[in-house]
Amino acid sequence: MHNRRAPLFDSVLAACLAVASLALYLTRPAEMMADVSAAGPVVAFRPPDVVGAALVVLSCAPVAVRRRWPLTALCLGLVPELLAAGLGYGLSGLAPLVLLYSVAAYRGLAVALLGLLLALASNVSAIAAMFTPVMGWADYLVGLVLLGGAWGLGRTLRLRRAYLEELKDRAARLERAREADTRAARAEERSRIARELHDVVAHHVSVMTVQAAAARRVLTEDPEQAREALSAIESTGRVAMREMRHLVEVLRGPAERGPQPGMGLLPQLVEQMREAGLPTSLVVEGEPAALPAGVDLAAYRLVQEGLTNSLRHAGSAAQAVVTVRHRPGELDVEVCDDGRGPEPDGEGRGGHGLVGIRERVALYGGILRAGPRQGGGFEIQARFPL
């Protein structure tokens, strides 16, 4: 029950218990009110009066605070019960059972055991005060069963409540862990798409920029060459749009995905760079073998980034060489040029592009090296374990 409604519920329960206990007290059969002088053990109950009724009500009143102060409420409820038994009014029996249940249900084991001992001692004392001259074992057994049942029910419900709370807490922890995994997966996917987008835009736009500059220079002197450059710009733009459309489909959801570029497209990439004005050669060593899809794409993007950097930074007289070595258990990829090397401002080449390539290579357990070559130029080397 909701915590805000608990005090109201307990107050109503206390009132109901008081009414029920008063009804039992006032309607007690006349034969139970035997005279003390009768033969054998008898219960010497006084006739109902105001004092007895007040004690019955007082024994039920602590039920209103049974959840907030369970042990205190039990002690306060046992005092009127003992007084009623000592004065000869008998026991109502209802409120102590509810209060003992509350101690067992809302407090720890040590406090619950203390409450059980107090209730047992009070019950034994009350029975001893009511029975004369001999106490019957049946009376003790009935009291023990009732008190033990109330206490056991309270402990069972407390353990069940604790078990449910643990299940809720575990479910909450699992939900938080799932959300954290989802956020990490989304961040990784965003990073992957950002790398793809950078590779597509940086490469194709760089090629288009170089070709547009060449077309502008020869537009008046050699219109035929200018038309070829413009055709190359159109072709490069279409390829860029196709790859970017593929990325958009990936972002939108489970759309049908086309094939990703791979090492099989290196000849076309090299030819594209030649048309853009960068003399490029491709060297393949070893017997080509089928590559995992991720390694295939990462190696292709590495070559694409390396050639794009050479086109942008190496200079007009530079040449580039792409070397692919297929070895047992590994793939080596190298892109080098003989251009002017790093920029004079010391920032080098690549920027975010090389950072993304380094992440790609590391994702598949590879090793990347990028930097100036001995004798001039720039090189990017990567080794992928297979």
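Remarks
- Condition met for Gly136 (modelled with pLDDT under 75, more than 17 Å from Val56 (Cα to Cα) and open to solvent by less than 20 Å² (accessible area, probe 1.4 Å)): no
- Filter pass, Leu114 being farther than 30 Å from Glu243 by Cβ, surrounded by 11 or more Cβ atoms within 10 Å (Cβ to Cβ), of a type in the set (A, V, I, L, M) and modelled with pLDDT of 75 or more: yes
- Residue pairs meeting the criteria (Cβ under 8 Å; at least 6 apart or on separate chains; first free of Cβ contacts under 8 Å to residues at least 60 places away in the same chain and within 22 Å of Ala23 (Cβ to Cβ), in the stretch 88-116; second of a type outside the set (S, T, N, Q) and assigned to a loop (DSSP other than H, G, I, E, B)): Gly88/Phe45; Gly88/Arg46; Leu99/Arg66
- In the stretch 272-289, the residues that are closer than 15 Å to Gln304 by Cα and open to solvent by 50 Å² or more (accessible area, probe 1.4 Å) form Cβ pairs under 7 Å with partners that are in a loop (DSSP other than H, G, I, E, B) and not small (Gly, Ala, Ser), at six or more places apart or across chains, as follows: Pro279/Gln319.
- Selection over the stretch 295-337 of residues that are assigned to a loop (DSSP other than H, G, I, E, B) and under 14 Å from Gly366 (Cβ atoms) gives a count of 1.
- Answer from Arg349, Arg360 - the residue that is among the basic types (Lys, Arg), surrounded by 14 or more Cβ atoms within 10 Å (Cβ to Cβ), touching a strand residue (DSSP E or B) at 6+ places or on another chain (Cβ under 7 Å) and modelled with pLDDT under 85: Arg349
The values are calculated or read from the model by the stated rules, or taken from the named source; none is laboratory data. Predicted model, so just to flag it, every value in this text is computed and none were measured. Positions of Cβ are generated from backbone atoms using ideal geometry, with glycine treated the same way; all protein chains shown enter the neighbour counts. When the accessible area is computed, the model is the full protein with side chains, heavy atoms only, and any ligands, DNA or RNA have been set aside. Shrake-Rupley method; radii C 1.70, N 1.55, O 1.52, S 1.80 Å.
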